[in-house]
Amino acid sequence: MDKNSVLIVDDEPLNINMLVHILRSEYICYIARNGDDAIEVANKSLPDIILLDIIMPKMDGYEVLSHLKASDNTKDIPVIFITGLKDSKNEEKALQIGASDYINKPFAESVVKLRVRQHLQITNQLRTIEKLNENLRSALEYAESANQAKSTFLAQMSHEIRSPMNAILGITEILMRDNMVAEESMEGLHKIYNSGDLLMGIINDILDLSKIESGNLEIVNESYDTASLISDAVQLNMIRFDNCPVGFELEIAKNVPAKAEGDALRIKQILNNLLSNGAKYTKEGKVVLEVNAKGSEIIFVVRDTGMGMSEQQVSMLFEPYTRFHDNNGRTIEGVGLGMGITRRLIEMMDGSIKVESKLGEGTTFTVAIPQKFGKKPLSAEVIKNLQHFRMDSASKLKNRQTVHELMQYGSVLVVDDMETNLYVAKGLLMPYGLKVETAESGQEAIDKVKEGKEYDIIFMDLLMPGIDGANAVTQIRELGYKHPVVALTANVMEVKMNIYLESGFDAILSKPIDTRQLDTLLKKLIRDKPLRLDILMIESFANDADRAIAAMENLMAAGENYTESDLQAYILNAHGLVGILSNVRENELQMQAREFEKAGSIEDMHFIFSETPAFLEALRKVVNKLEPTVEIDRSVEGLHSKLMAIKSACEASDSKEAEKILDEIKSQTTSSQTKMQLVLMRGHLLRENYKEAANTAVKYANTL
């Protein structure tokens, strides 16, 4: 071990020689005979301790100590004053300005040795502690760096796996919708989809475990309906139970509150893991879910009659990557992360989980999670409906698919640099009848907005070369674009998704695209947004609706004496109503119009004659409801007579005269409504539809 070093500062050679003689056998000794030399040697040699005289020419010991304490290099070196000044005030002053100790002259050799040794021991201990702290800091930095590297790797892995899985699951789902696919091919498609879905579950488990380990998974407490939570958990597992010969029972206690506050999403994840475990390890018998409340805890009990576990297996149950085998020695599908995640989630919510199991007889999991409860319990009717729904709807849900509501009035832009992802997105959006445009880069999307294009939704991929999704939406918002933009991402490791929401996105949709989440977004952002129709749209709808009403009334008036041409006109106009009713979001009437079109094609005249009158009455109410309030245009003198002149010109098929009058009115009017009517009439003239142009002129004239 290297020797410690001592700097001896004194202007008396005799004192220096004595101290060197005392200390040189144990320490390396440096010497300085005045204050300036002492400061220079201390900064150059950095001794472990300094023995300093007070009375010296030019610069006394107090000044030297002040200089040493002011320097970052020497401020931590302990200084012992050795002086002939025995006044307690001098000792007090020395200690106040930073001296570690004070020895009076003449000094005893043993005292000097002990004092120096003690202070160096303290110094060495402090250095050892600092070294340990430095090592700990380095280890912590390394661990944080390794953890960050792991998170980055998992985020990248998530994106790289989810992107092709988006294509596999998306294209498979599109093909599964095709009724022309052969039965054996459909079976193969189902197996592809189920395998892909299993792989996505494994990926989600790995990512969840990583989030928990890194402390990035947060518990979000919000108010929720317990009935919805139970229903969602049951529905999520219905198909799983329908695909195996295992019964499922739901038991709900009368004291379960109707409202609670907690993290409903994580509770559903826990229930899903427990119920899926029950289905996997139970080959016959049943799985039971009991829901109860005790004190301030909600209690879930999941019982199965499956293969059960030994005490050793129970002790290993919550360890990551632990899987058991069935009675034939086959490993159950999955990677064994679900139960470990389940326990961690329960612990994060200050809950508990208890396991009781016996080989060959089944397993019971009891989960208790503290929640804030509302005052009212679930009603008997709600409990009955939840249990009734399970019994009556299990078989129906096996083939449940999202019902695609037509939204032909809507338009979307999908932005993604991967051609396959664009294909999948267009395929999933196709059943809604939406107008779908695509862009292969953030810049292309920005350019479309600059051109003045507007969409009900822009679906924007986040990870793209050049301008990525986040930067693209920032630039789009800077252009004043206010319509919804939804982020598409295969990277679900992002912990603070609200960062994207704050940067301009309205929602986030993960890949592979969940059709249920997509359907919810489309309904919220397109179907349910406030309806805004301009006058031209209303006029077009009214004209088309009037024409359809006339054709359908004509068939009704003919009764049993209708002709083939009467029926064809009826079918054609019913078909037209499907589209125009979609434009004004009259979804119920739109569905009825489609039924009339089908009835006409098979000549179901009883349905047509019995149902059409009520339909036409409802259609007239819609036309009247949408009819705009017309303000009298006083900016054009003799507007009524000019409109009637347009009627006469149209009846004579004189487009030049009609155009001349239209131009004259346009040059005089300041009314937006009149301008809209002019556009409508000019459109009819361009198509040489003189009758419609005349009707529009008369109809507007009658409002003046």
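The values are calculated or read from the model by the stated rules, or taken from the named source; none is laboratory data. Since we're looking at a predicted model, the values are computed, not measured. Every residue, glycine among them, receives a Cβ derived from its backbone with ideal geometry; neighbour counts consider all protein chains shown.
For region 56-74, a residue qualifies if it is in contact with a strand residue (DSSP E or B) (Cβ under 7 Å, 6 or more places away or on another chain) and either without any contact (Cβ under 8 Å) to a residue 24 or more places away in the chain or among the aliphatic types (A, V, I, L, M) (or both), and the qualifying residues are Val64, Leu65, Leu68. No other residue among Val495, Val473 is modelled with pLDDT under 90, farther than 23 Å from Gly433 by Cβ and out of contact with any Cys (no Cβ under 9 Å at 6 or more places or on another chain) apart from Val495. A count restricted to region 252-288 and to residues that are touching a residue at least 60 places away in the same chain (Cβ under 8 Å) and over 32 Å from the mean Cα position of the chain (by Cα) stands at 5.
Among the residues of region 51-90, count how many are of a type in the set (Asp, Glu) and either in a strand (DSSP E or B) or over 18 Å from Val116 (Cβ atoms) (or both).
Number satisfying all stated conditions: 4.
Any residue in region 594-604 that is in contact with a His (Cβ under 8 Å, 6 or more places away or on another chain) and either assigned to a helix (DSSP H, G or I) or farther than 30 Å from Ile661 by Cα (or both)? The answer is yes; a qualifying residue exists. Candidates Thr83, Thr128, Thr123, Thr74: the one that is in contact with a Lys or Arg (Cβ under 7 Å, 6 or more places away or on another chain) and at negative phi is Thr83. Any chance region 644-651 includes a residue that's outside the structural domain of Leu589 (by TED's automatic domain parsing), farther than 30 Å from Asp566 by Cα and either modelled with pLDDT under 85 or touching a Phe, Trp or Tyr at 6+ places or on another chain (Cβ under 6 Å) (or both)? Looking through region 644-651, none of the residues is outside the structural domain of Leu589 (by TED's automatic domain parsing), farther than 30 Å from Asp566 by Cα and either modelled with pLDDT under 85 or touching a Phe, Trp or Tyr at 6+ places or on another chain (Cβ under 6 Å) (or both). Selection of region 454-475 for residues being in contact with a helix residue (DSSP H, G or I) (Cβ under 9 Å, 6 or more places away or on another chain) and under 11 Å from Ser503 (Cα atoms) yields Gly469, Ala470, Asn471, Ala472, Val473, Gln475.
On the given criteria, is Lys113 within 13 Å of Ile49 (Cβ to Cβ), out of contact with any strand residue (DSSP E or B) (no Cβ under 7 Å at 6 or more places or on another chain) and either surrounded by 14 or more Cβ atoms within 10 Å (Cβ to Cβ) or touching a residue at least 60 places away in the same chain (Cβ under 8 Å) (or both)? So Lys113 fits the description; yes.
For region 386-403, the criterion of a residue being farther than 25 Å from Glu249 by Cβ, at pLDDT 55 or above and either among the aliphatic types (A, V, I, L, M) or in contact with a Leu (Cβ under 9 Å, 6 or more places away or on another chain) (or both) is satisfied by at least one position.
With respect to Ile665, determine if the residue is among the β-branched types (Val, Ile, Thr), surrounded by fewer than 14 Cβ atoms within 10 Å (Cβ to Cβ) and at pLDDT 85 or above. No, not satisfied.
Let's see how each residue does on (1) over 60 Å from the mean Cα position of the chain (by Cα); (2) of a type outside the set (D, E, K, R):
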site	(1), (2)
Asn4	yes, yes
Leu7	yes, yes
Asp10	yes, no
Leu19	yes, yes
Asp36	yes, no
Val41	yes, yes
Lys44	no, no
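Residues that are surrounded by fewer than 20 Cβ atoms within 10 Å (Cβ to Cβ) and either more than 13 Å from Ala649 (Cα to Cα) or not hydrophobic (A, V, I, L, M, F, W, C) (or both) within region 681-699 comprise Arg682, Gly683, Leu686, Arg687, Glu688, Asn689, Tyr690, Lys691, Glu692, Asn695, Lys699, listed in sequence order.
For the condition more than 23 Å from the chain's Cα centre (by Cα) and either closer than 30 Å to Val287 by Cα or modelled with pLDDT of 85 or more (or both), what is the one hit in Gly410, Gly427?
Result: Gly410 is the single residue among Gly410, Gly427 that is more than 23 Å from the chain's Cα centre (by Cα) and either closer than 30 Å to Val287 by Cα or modelled with pLDDT of 85 or more (or both).
When region 455-486 is filtered for residues that are in a loop (DSSP other than H, G, I, E, B) and in contact (Cβ under 8 Å) with a residue 40 or more places away in the chain, the ones remaining, listed by number, are Tyr455, Asp456, Leu463, Met464, Pro465, Pro484.
When the residues of region 431-454 are narrowed to those that are out of contact with any strand residue (DSSP E or B) (no Cβ under 6 Å at 6 or more places or on another chain) and touching a residue at least 60 places away in the same chain (Cβ under 8 Å), which ends up surrounded by the most Cβ atoms within 10 Å (Cβ to Cβ)? By that ranking, first place goes to Tyr432.
Per-residue answers, yes or no, for (1) under 52 Å from the mean Cα position of the chain (by Cα); (2) part of a loop (DSSP other than H, G, I, E, B); (3) polar (S, T, N, Q):
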position: Lys642; (1), (2), (3): no, no, no
position: Lys647; (1), (2), (3): no, no, no
position: Lys660; (1), (2), (3): no, no, no
position: Glu664; (1), (2), (3): no, no, no
position: Gln673; (1), (2), (3): yes, no, yes
position: Met676; (1), (2), (3): yes, no, no
position: Met681; (1), (2), (3): yes, no, no
position: Lys691; (1), (2), (3): no, no, no
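Would region 11-27 turn up any residue that is among the basic types (Lys, Arg), under 25 Å from Pro106 (Cβ atoms) and surrounded by fewer than 15 Cβ atoms within 10 Å (Cβ to Cβ)? Yes, region 11-27 contains at least one residue that is among the basic types (Lys, Arg), under 25 Å from Pro106 (Cβ atoms) and surrounded by fewer than 15 Cβ atoms within 10 Å (Cβ to Cβ). Of the residues making up region 182-193, one or more are under 16 Å from Val424 (Cα atoms), at pLDDT below 75 and either part of a helix (DSSP H, G or I) or touching a strand residue (DSSP E or B) at 6+ places or on another chain (Cβ under 6 Å) (or both). Applying a threshold of 6 Å to beta carbon distances and a minimum spacing of six or more residues, or different chains, the list of pairs starting in region 634-656 at a residue that is of a type in the set (Lys, Arg) and ending at one that is surrounded by fewer than 17 Cβ atoms within 10 Å (Cβ to Cβ) reads Lys647/Val698. None of Val623, Val630 is in a helix (DSSP H, G or I), at negative phi and modelled with pLDDT under 85 except Val623.
Would you check if there is a residue in region 217-231 being aliphatic (A, V, I, L, M) and at pLDDT below 75? Within region 217-231 (the criterion being aliphatic (A, V, I, L, M) and at pLDDT below 75), the answer is yes, since at least one residue qualifies. Set side by side, the residues Ile77, Ile39, Ile49, Ile28 differ, and just one is touching a His at 6+ places or on another chain (Cβ under 9 Å), in contact (Cβ under 8 Å) with a residue 24 or more places away in the chain and under 18 Å from Lys3 (Cβ atoms), which is Ile49.
Applying the condition of being aliphatic (A, V, I, L, M) and at pLDDT below 85 to region 507-559 and asking which residue is nearest to the chain's Cα centre (by Cα) yields Ile513.
So that you can scan it fast, the table gives a plain yes or no per residue for (1) within 19 Å of Ala599 (Cβ to Cβ); (2) free of Cβ contacts under 8 Å to residues at least 40 places away in the same chain:
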position: Ile538; (1), (2): no, no
position: Phe541; (1), (2): no, no
position: Asp544; (1), (2): no, yes
position: Arg547; (1), (2): no, yes
position: Asn554; (1), (2): yes, yes
position: Gly559; (1), (2): yes, no
position: Asp566; (1), (2): yes, yes
position: Ala569; (1), (2): yes, yes
position: His575; (1), (2): yes, yes
